[in-house]
Amino acid sequence: MRRDSGSLVEGAPGASGFIGWIRGCTLLLSVVLLAGCAGRGAEPPKPATNPLENMNELLLSLAQRLETLATGDRELALALRSQAESLDSLGRSQPALEAIDKALALAPDAELQQELLSTKAAILFSLDRASDALAILVPMLALEQSPSAEQMAAGQGDLSQEYIVAAFCYMRLERWSDAARALSRTQPAGPEDDLAAYVALTYSYIKARSGESVSDAWLDAQVEFSAANDAGHYGALIQMWRGDFNRDQIAKGLSALKGTEQQDALGEVLFHRMAYARYVENDPDMAAELYGRLNDLAPYGNIEWIYARQFVGTVR
């Protein structure tokens with residue numbers, strides 16, 4: 001999943017670059033799906049350009065422009081937050097942390113402070129500082145308390161992105177039951193919502209890593225629903241974690257997407273194929289090859305890629 005990297009503009013690469021990228025990704029996808037995984041020895045071409053990188057570079061330049069136009073502390077803090085989000089998505093997380101700390105020093109009210117702290121927690125996760133990120137998120141989200149009806153009401157605001165970052169922090173620390181608990185606090189619009197399917201997919205990974213010791217009634221029901229009803233790559237990957245890899249469904253789901261959405265989705269596919277190869281098929285060589293494909297794709301801002309780069313170095 002691509003973390004929000006600013007809301008200034010929705011960008012896309014130029015037409016010729018986009019066509020070249022799509023051709024490259026089409027060939028990469030054919031290799032990923034060969035025999036249900038990346039074919040050994042096959043070398044797909046790298047995409048000619050990177051839509052997510054281009055988009056975040058554009059967002060960064062716009063945020064820097066807004067910084068020069070800011071007329072007050074609030075406007076300046078928001079411009080710095082946008083810079084921090086884009087820098088973090090681009091892998092420049094230390095400068096991002098410096099920018100968000102400057103924004104926090106300027107924030108004129110508690111509401112903006114909380115928004116900025118959410119961004120800081122995501123940046124700390126990118127820096128492989130999961131415990132520090134949780135020091136922000138646990139009190140913010142009351143993760144150590146049972147949620148009340150009021151806390152889960154729509155009127156309290158949708159903090160699903162924060163819960164997902166918290167879940168990945170717990171995953172990094174291999175606190176699987178806590179990761180599932182954080183995911184269970186997300187607020188999809190309904191069982192057919194993409195967010196619901198994404199949460200079900202991430203939960204499927206958590207269950208596999210925990211040795212099936214984690215259980216949550218809503219998430220288990222959502223896994224069943226998404227496996228049966230989601231026609232995109234989320235449904236296919238959930239089925240994979242249940243032992244049935246449908247490569248045609250993945251290809252169809254990815255081909256329906258374009259630009260940054262397709263690149264981000266392909267990053268999710270490569271991550272889950274890699275994890276499945278490593279932890280279920282017990283094939284570290286295939287997992288390493290898929291990890292190489294993920295790095296070649298370079299889906300900037302994709303939280304699975306960020307997480308993969310953290311834990312791959314600890315796998316033996």
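Counting only residues that are within 19 Å of Tyr276 (Cα to Cα) and not charged (D, E, K, R), how many does the stretch 174-198 have? Count: 5.
Would it be correct to say that Leu290 is without any contact (Cβ under 8 Å) to a residue 40 or more places away in the chain and either surrounded by fewer than 22 Cβ atoms within 10 Å (Cβ to Cβ) or over 17 Å from the mean Cα position of the chain (by Cα) (or both)? Can you show your working first?
Details: without any contact (Cβ under 8 Å) to a residue 40 or more places away in the chain: no; either surrounded by fewer than 22 Cβ atoms within 10 Å (Cβ to Cβ) or over 17 Å from the mean Cα position of the chain (by Cα) (or both): yes.
The answer is no for Leu290.
Before we move on, is Arg185 over 19 Å from Val280 (Cβ atoms) and among the basic types (Lys, Arg)?
Criteria met by Arg185.
Tell me, yes or no, whether the stretch 70-84 has at least one residue that is at pLDDT 50 or above and out of contact with any helix residue (DSSP H, G or I) (no Cβ under 8 Å at 6 or more places or on another chain). There is at least one residue in the stretch 70-84 that is at pLDDT 50 or above and out of contact with any helix residue (DSSP H, G or I) (no Cβ under 8 Å at 6 or more places or on another chain). Scanning the stretch 245-287 for residues that are surrounded by fewer than 21 Cβ atoms within 10 Å (Cβ to Cβ) and under 19 Å from the mean Cα position of the chain (by Cα) returns Leu257, Lys258, Gly259, Glu261. Of the numbered conditions (1) surrounded by 22 or more Cβ atoms within 10 Å (Cβ to Cβ); (2) more than 18 Å from Val280 (Cβ to Cβ); (3) aliphatic (A, V, I, L, M), Leu237 satisfies every one except a single condition; which is it? So the condition that Leu237 fails would be (2).
Considering only residues in the stretch 187-198 that are outside any helix (DSSP H, G or I) and in contact with a helix residue (DSSP H, G or I) (Cβ under 8 Å, 6 or more places away or on another chain), the one that is surrounded by the fewest Cβ atoms within 10 Å (Cβ to Cβ) turns out to be Gly190. Residues in the stretch 199-214 that are surrounded by fewer than 24 Cβ atoms within 10 Å (Cβ to Cβ), of a type in the set (A, V, I, L, M) and within 15 Å of Arg273 (Cβ to Cβ): 1 in all.
Kindly indicate whether Arg92 is surrounded by fewer than 24 Cβ atoms within 10 Å (Cβ to Cβ) and not acidic (Asp, Glu).
Working: surrounded by fewer than 24 Cβ atoms within 10 Å (Cβ to Cβ): yes; not acidic (Asp, Glu): yes.
Yes; evaluated as a whole, the condition is true for this residue.
Is one or more of the residues making up the stretch 213-221 at pLDDT below 95 and either over 21 Å from Ala196 (Cβ atoms) or not hydroxyl-bearing (Ser, Thr, Tyr) (or both)? Looking through the stretch 213-221, at least one residue is at pLDDT below 95 and either over 21 Å from Ala196 (Cβ atoms) or not hydroxyl-bearing (Ser, Thr, Tyr) (or both).
With respect to (1) surrounded by 15 or more Cβ atoms within 10 Å (Cβ to Cβ); (2) under 15 Å from the mean Cα position of the chain (by Cα); (3) without any contact (Cβ under 8 Å) to a residue 40 or more places away in the chain, the lone exception for Ile306 is condition (3).
The values are calculated or read from the model by the stated rules, or taken from the named source; none is laboratory data. On a predicted model such as this, the values are computed, not experimentally measured, just so you know. As a convention, Cβ positions derive from the backbone with ideal geometry for all residues, glycine included, and neighbour counts pool all protein chains shown.
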